[in-house]
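K.L.:
Pasting a structure here, questions to come.
The values are calculated or read from the model by the stated rules, or taken from the named source; none is laboratory data. Small disclaimer: the values here were computed from a predicted structure and weren't measured. For neighbour counting, all protein chains shown are included, and Cβ atoms are generated from backbone atoms with ideal geometry for every residue, glycine included. Surface accessibility is based on the protein's heavy atoms, side chains included, excluding ligands, DNA and RNA. Shrake-Rupley method; radii C 1.70, N 1.55, O 1.52, S 1.80 Å.
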Amino acid sequence: MFTHSPSPVQAALLFLSVAAPQRAYAALYASPEAAASHVSRTTYDYVIVGAGAAGGVLANRLTENRTTKVLLLEAGSSDYNNTNIEIPFLAPVLTGSTFDWNYTTTPQLGMDDRSVGYARGKVLGGSTSINYMIYTRGARDDYDRWASLTGDRGWDWDNMLPYMLKLENFTNSPNVQNATSKFIPSLHSTKGPLGAGLPQVSLPTDQIALNAQAELSSEFKFNKDVNSGDMIGFSWTPFAIQDGARSNSARNYIQPALSRSNLDVIVGAQVTKVVKTSSQGGVPIVRGVQYTSGPNKSIYTVKASNEVILSAGAIGSPQILLLSGIGPKAQCTANRITPLVDLPDVGQNMQDHPLLTTNFRVSSNDTLDNLLSNATLAAQQLALWQSSRTGDFTLGAANQWAWERLPSNDSIFRTVPDPSSGPTAPHYQLIFSDLFVAFGGVPPPAGHFLTLISNLYTPVSRGNLTLKSTNPFDYPIINPGLLSDKGGFDIHTMREALKAGRRFLQAPAWRSWIISEFGDSANAKTDAQIEDFIRANALVVNHVSGTVGMGKSGSTARGSGALNPDLTVKGTIGLRVVDASVFPIIPAAHTMVPTYAIAERAADLIKAAQSGHR
């Protein structure tokens, strides 16, 4: 996911929007207090913390057995049918909204000591309700490396592909032109719950970019389907968008399960810690959860007869573990938290994908900038979307992109090993957006633009998350360590990505469209100048991962992973983590689909574990 600040027109759309009415379900409670007044149950088979991609999958799959009782706790609201969430083009207004946790990193040494905002979803659906809906499975080599690192072949591409198909309903709108030339239907499923497809609106830049790719095919090969397992090349961009609206875990997994009597959902419920309920052979059994509606509010306790499952995300899950005494012993002791399990890797290994935008002024007046500058046009497009779910408001961030690798003889490999998982995984991504995109509150200037977004996808840099205090409502200290690797691979690759993007946009096909590079980036010519520009302006794609990583079974030594390959927390019984925090190495892809896929497998692992206990 990437974010930018709303323009005045987008801000106005916040008031033009009309939230869809919420359906009433007996199983959905608006607060812990509301639940307490209606539900006497204090024990469930499973308690799931967090209703994002993974939590939504688990809530649905575990309640398929109607005798299995599940409680799903979400700190945010239930307003996933809000129009700003549903309309794909309005994704930018969700950053910084009531649906966002609004985290901020520490000053990043690799980014000129700038702090970076971290958008994470705080609503049913989690970040799937506020992200840019980009639909990438990832590379075959990434999954195969997970299998090698964990010693579990179940995580390799061949074994995970059935889960990717299980979750997917890849059905294109009839408005998609020449759809079969833009993806490979045989690689996809139309039977799963999560709606996805290709952009239904064609843009003038689409054919120009295709012509440029053909002109530069020796560097930018054409890839018919980015989700084939080999991501490399120029391709069309798939999105978790269907029927013109956002697909998310709330709409596609949680909502269908709400009619089941064996699922309770409580929103506005922030978990403060997990609790040891007993022990077995000296190993703590952790099947208790404490939660509340806010500071100085009543604390509620619930127990799981089988498992507590943390799906609170790569920030929320490690924070809850640390508050519960599960993590580095020294950190727990320093915060006067009684250590329960000494797990050095909790909160460590934080990874994310750095991002950079550069803008180009264009000669055409037919760009999506018109939606940001013309309130009348924006209102017309909103009305069109509301009446038929068609038009420009169905669009995501860009119709096309390229995923590329550094040449094998690149100078950086003389001193730094290739951090990628293999030839199917990209080092960087280039996104071509048909409008001005900027970050940090930069207002769009007058005129018409194309934006190049260049992102690093195999970062070497690692960061960490630590507690600020024992108050669960104090945000943790978030330090992703962006662009900080000592070998310089990350800044080198960001530089080469920008240079590659410029080469693509200098193809003959663009000559009558692009006038010139716009803004400060135009003055960054030398390698040193480009690196200075990147450090002064780069941000992050909001793919925070790895903070409760899985490893091989057994060892709890630092670097061996906080989780077993089945995602159970080492040194505990009854506690599991399922979300993007479990990635041992961040995939070279947008992380939404890999998180869904991990959760689909986790649901089967959980069911199998319970069957084995009977």
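K.L.:
How many nm separate the modelled label positions at ALA214 and LYS468, each set 7 Å beyond the Cα in the direction of the Cβ?
P.N.:
Reported label-point gap for ALA214 and LYS468 is 5.4 nm.
K.L.:
I would also like to ask the following. Could you give the length gained by full extension between ASN102 and SER40, i.e. 0.36 nm per residue of separation minus their alpha carbon distance, to one decimal place? Kindly include the intermediate steps, with their values, before the conclusion.
P.N.:
Details: separation 62, 0.36 × 62 = 22.32 nm, distance 3.41 nm.
Working it through step by step, the gained length comes to 18.9 nm.
K.L.:
Enter the accessible area of LEU505 (Å², nearest 10), with the probe set to 1.4 Å and all protein chains included.
P.N.:
10 Å²
K.L.:
Given the whole protein assembly as supplied and a 1.4 Å probe, what does the accessible area of GLU219 come to in Å², nearest 10?
P.N.:
70 Å²
K.L.:
Heavy atoms of the protein only, probe of 1.4 Å, neighbouring chains included. What is the accessible area of THR556 in Å², nearest 10?
P.N.:
Result for THR556: roughly 60 Å² accessible.
K.L.:
Quote the FRET efficiency, to the nearest 0.05, computed for SER560 versus THR376 with a Förster distance R0 of 56 Å and r equal to the Cβ-Cβ distance. Write out the running numbers ahead of the final one.
P.N.:
Details: r = 60 Å, r/R0 = 1.06.
Given R0 = 56 Å and the Cβ-Cβ separation, E is 0.40.
K.L.:
Please list, ordered by chain and number, the residues whose modelled amide H lies under 5 Å from the amide H of PHE449; skip anything fewer than 5 residues away on the same chain.
P.N.:
Counting only residues 5 or more places away or on other chains, the set is VAL362, ASP369, PHE436.
K.L.:
For GLN400, what residues show an amide H to amide H distance below 5 Å, using hydrogens built from the backbone and excluding near sequence neighbours?
P.N.:
Distant-sequence amide H within range of GLN400: THR237, PHE432.
K.L.:
In Å, what is the Rg of the alpha-carbon atoms in segment 350-422, and how long is Dmax?
P.N.:
Every Cα atom of segment 350-422 included, Rg and Dmax give 20.1, 58 Å.
K.L.:
Let me ask another. Considering all alpha-carbon pairs of segment 404-451, what whole percent are spaced by more than 14 angstrom?
P.N.:
Tail of P(r) above 14 Å: 65 percent of Cα pairs.
K.L.:
Using only the heavy atoms of the protein chains and a 1.4 Å probe, how would ASP434, ASP113 rank by accessible area, largest first?
P.N.:
Values: ASP434 10, ASP113 95 Å².
Descending accessible area places them as ASP113, ASP434.
K.L.:
Consider a paramagnetic label point 7 Å from the Cα of LYS329 along Cα→Cβ; state which residues of segment 553-596 have an amide N under 16 Å from it.
P.N.:
What the label zone holds, given the 16 Å backbone N cut-off, is 555-559, 571-572.
K.L.:
Further question: Ordered by residue, what ³J(HN,Hα) values in Hz, to whole numbers, does segment 353-364 give under the Karplus form 6.51 cos²θ - 1.76 cosθ + 1.60, where θ = phi - 60° and Gly and Pro are x?
P.N.:
9, x, 9, 9, 10, 9, 10, 10, 6, 10, 7, 7
K.L.:
When the accessible area of the chain is split by element with a 1.4 Å probe, what percent falls to carbon and sulfur? Write out the running numbers ahead of the final one.
P.N.:
Values: 10780 of 21630 Å².
Carbon with sulfur: 50 percent of the solvent-accessible area.
K.L.:
Grab the eigenvalues of the alpha-carbon gyration tensor for segment 440-495, scale each by 5, take roots, and send me the semi-axes largest first in whole angstrom. Let's see the in-between values first.
P.N.:
Numbers: eigenvalues 184, 99, 10 Å².
They are 30, 22, 7 Å, listed from largest to smallest.
K.L.:
Students often get this wrong: which residues of segment 204-232 have the backbone nitrogen under 15 Å from the point 7 angstrom along Cα-to-C-beta of SER186?
P.N.:
Under 15 Å, as judged by backbone N against the label point of SER186, lie 224-225, 228-229 of segment 204-232.
K.L.:
In Å², what does the accessible area per residue of the chain work out to with a 1.4 Å probe? Show your work: numbers first, answer last.
P.N.:
Details: 21630 Å² over 614 residues.
Normalised by residue count, the accessible surface of the chain is 35 Å².
K.L.:
Which label belongs to the value computed from this structure, given these candidates for Kirkwood radius over Cα pairs in Å: (i) 24.4; (ii) 25.9; (iii) 29.4?
P.N.:
Here Kirkwood radius over Cα pairs in Å agrees with entry (i).
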